[in-house]
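Written below as structure tokens is the structure these notes are about.
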Amino acid sequence: MRRLLPYLAIALMMLSCGPIQQHLASGSSMSWSLFRGNRALSGYTSQSLPDQMTLLWSHRSDVRTISSPVVEEGTAYWCDVKGKVHGVDINGEKAFEFDLKTPVEATPMIYDSTLYIGRIDGALTALSLRERDTLWSHYTEGQISASPNITDDDGTIVVGSYDNYMYSIDRHTGARHRRFESGYYINGAVAIHDSHALYGSCDGWLRVVDCEQGITTDSLELGGYIPASPAITGDYAYLSDYSGNIYELRLDDGEIENSRIVLKAEEEDGSVVSVPAVSNTTLYVTSSDKYIHAIDRKDGSKQWKYLLKGNVGESSPVVASDKVVVCTKSGVVTMLDAKSGELIWEYDTGEQIMASPAVVRGHLYILTTKGTLFCFGKTKKR
């Protein structure tokens, strides 16, 4: 079995605009500005969480929510299915509210104090947090179900639509630069590797686009349709097809150099719709049999697996330094030791979870489908 290339230091992974894990320009430990935490959608952060956490506060909106939370300078933002944008500060107090008056399922992205929000009516809207008003809306011809991403600090937004196109849009004006065709719906978010964008679609193909040149540079057909996003670290991308196969792709200057299956689906009628999380050494994936698996990225061996208290569904795991956090549709939040898979901490919210966690300076944000935001942190001493 082939060996992977040497890895860059984790510290370098925090730089923006590189071939490794990228955070948005704020670079603040008080921010989790994008779905999965960075442009590469790796679900990895070097920030740590305490071994034992307590519920610091919860905030109820009482409106069905599919969006995951994003955080800017300690304030968490999300959209509910009725189109209302919520903002709650680090103390659990309401800090922002805006009504788009149209349904939203997608997780927003924050860049330069602007929320970029994909809507069910097909529009991508830029909402200024300072002005508390919309700056522009760009309309596609199909619903937008996934978070937008940003290619570089010059400000090109990339997002997929159910009209079978991936769009690149100027973040300042909302003008379309280009659009790239797929064979069917694009349901997952676009991941960024160097100046390239990677996205899968429901036709079963993964495509690589050169955002600077405006051309598709490579594509690969997988074994089933691709409902979720790729996760990238270094020159490797990981993603799943709907049947539950997990793939590793080696990327080189916009081309897919080679690929392999690192976890094969064990159930014929199984399905995987969550995004893998990937650290410097290990891949963390969920399966339809309620397990989360830790796989050695170097040799593909299974390090451990842990049986969760329910199916994960669309929620995706997050790696916070030496810990893994994963949520189930049944509402249970589980924190495991990333190396051993041993249970560290667990909490039952009592509400369904479809969103992915956010980690911000020792705080863990969990958003339920009932629109309740839970904030966990270090147990306070009496």
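Yes or no: residue 189 over 25 Å from residue 299 (Cα atoms), touching a Phe, Trp or Tyr at 6+ places or on another chain (Cβ under 6 Å) and either of a type in the set (A, V, I, L, M) or crowded, with 23+ Cβ neighbours inside 10 Å (or both)?
Spelling it out, residue 189 is indeed over 25 Å from residue 299 (Cα atoms), touching a Phe, Trp or Tyr at 6+ places or on another chain (Cβ under 6 Å) and either of a type in the set (A, V, I, L, M) or crowded, with 23+ Cβ neighbours inside 10 Å (or both).
Just checking, does segment 152-171 include any residue being assigned to a loop (DSSP other than H, G, I, E, B), surrounded by fewer than 16 Cβ atoms within 10 Å (Cβ to Cβ), in contact (Cβ under 8 Å) with a residue 60 or more places away in the chain and of a type in the set (Asp, Glu)?
Within segment 152-171, one or more residues are assigned to a loop (DSSP other than H, G, I, E, B), surrounded by fewer than 16 Cβ atoms within 10 Å (Cβ to Cβ), in contact (Cβ under 8 Å) with a residue 60 or more places away in the chain and of a type in the set (Asp, Glu).
Step by step: first the residues of segment 73-84, then only those that are at pLDDT 95 or above and of a type outside the set (A, V, I, L, M, F, W, C), then the one that is farthest from residue 115 (Cα to Cα). Which residue is that?
Among those that are at pLDDT 95 or above and of a type outside the set (A, V, I, L, M, F, W, C), it is 82.
Just one of (1) touching a Leu at 6+ places or on another chain (Cβ under 9 Å); (2) buried (at least 17 other Cβ atoms within 10 Å of the Cβ); (3) assigned to a strand (DSSP E or B) trips up residue 275, so point out which.
Only one criterion in (1) touching a Leu at 6+ places or on another chain (Cβ under 9 Å); (2) buried (at least 17 other Cβ atoms within 10 Å of the Cβ); (3) assigned to a strand (DSSP E or B) is unmet by residue 275, namely (3).
Against the definition (assigned to a loop (DSSP other than H, G, I, E, B) and crowded, with 23+ Cβ neighbours inside 10 Å), how does residue 366 come out, yes or no?
In short, no.
Name the single residue that is nearest to residue 280 (Cα to Cα) among those in segment 227-251 being outside any strand (DSSP E or B) and of a type in the set (Ser, Thr, Tyr).
229
Just to be sure, is residue 256 under 24 Å from residue 339 (Cβ atoms) and touching a residue at least 24 places away in the same chain (Cβ under 8 Å)?
The answer is no for residue 256.
Of the residues 300, 331, 341, which single one is surrounded by fewer than 24 Cβ atoms within 10 Å (Cβ to Cβ), of a type outside the set (Lys, Arg) and touching a residue at least 60 places away in the same chain (Cβ under 8 Å)?
300
When you check residue 189 against the structure, is it assigned to a loop (DSSP other than H, G, I, E, B), within 20 Å of residue 110 (Cα to Cα) and among the small types (Gly, Ala, Ser), yes or no?
For residue 189, the condition - assigned to a loop (DSSP other than H, G, I, E, B), within 20 Å of residue 110 (Cα to Cα) and among the small types (Gly, Ala, Ser) - is met.
Since residue 206 meets every condition but one in (1) in a strand (DSSP E or B); (2) closer than 19 Å to residue 118 by Cα; (3) in contact with a Ser or Thr (Cβ under 8 Å, 6 or more places away or on another chain), which condition does it not meet?
(2)
Checking the conditions here, which among 373, 283 is in contact (Cβ under 8 Å) with a residue 12 or more places away in the chain, over 14 Å from the mean Cα position of the chain (by Cα), under 24 Å from residue 191 (Cβ atoms) and in a strand (DSSP E or B)?
Checking each option against the conditions leaves just 283.
Residues 254, 200: which one is surrounded by 17 or more Cβ atoms within 10 Å (Cβ to Cβ) and either acidic (Asp, Glu) or under 17 Å from the mean Cα position of the chain (by Cα) (or both)?
Step by step, each of 254, 200 is checked, and only 200 is surrounded by 17 or more Cβ atoms within 10 Å (Cβ to Cβ) and either acidic (Asp, Glu) or under 17 Å from the mean Cα position of the chain (by Cα) (or both).
Out of segment 29-86, which residues are hydrophobic (A, V, I, L, M, F, W, C) and surrounded by fewer than 16 Cβ atoms within 10 Å (Cβ to Cβ)?
Passing the criteria: 30, 55, 57, 63.
The values are calculated or read from the model by the stated rules, or taken from the named source; none is laboratory data. For clarity, every value in this text was computed on a predicted model and none was experimentally measured. Ideal geometry is used to build each Cβ from the backbone, glycine not excepted, and the neighbour counts take in all protein chains shown.
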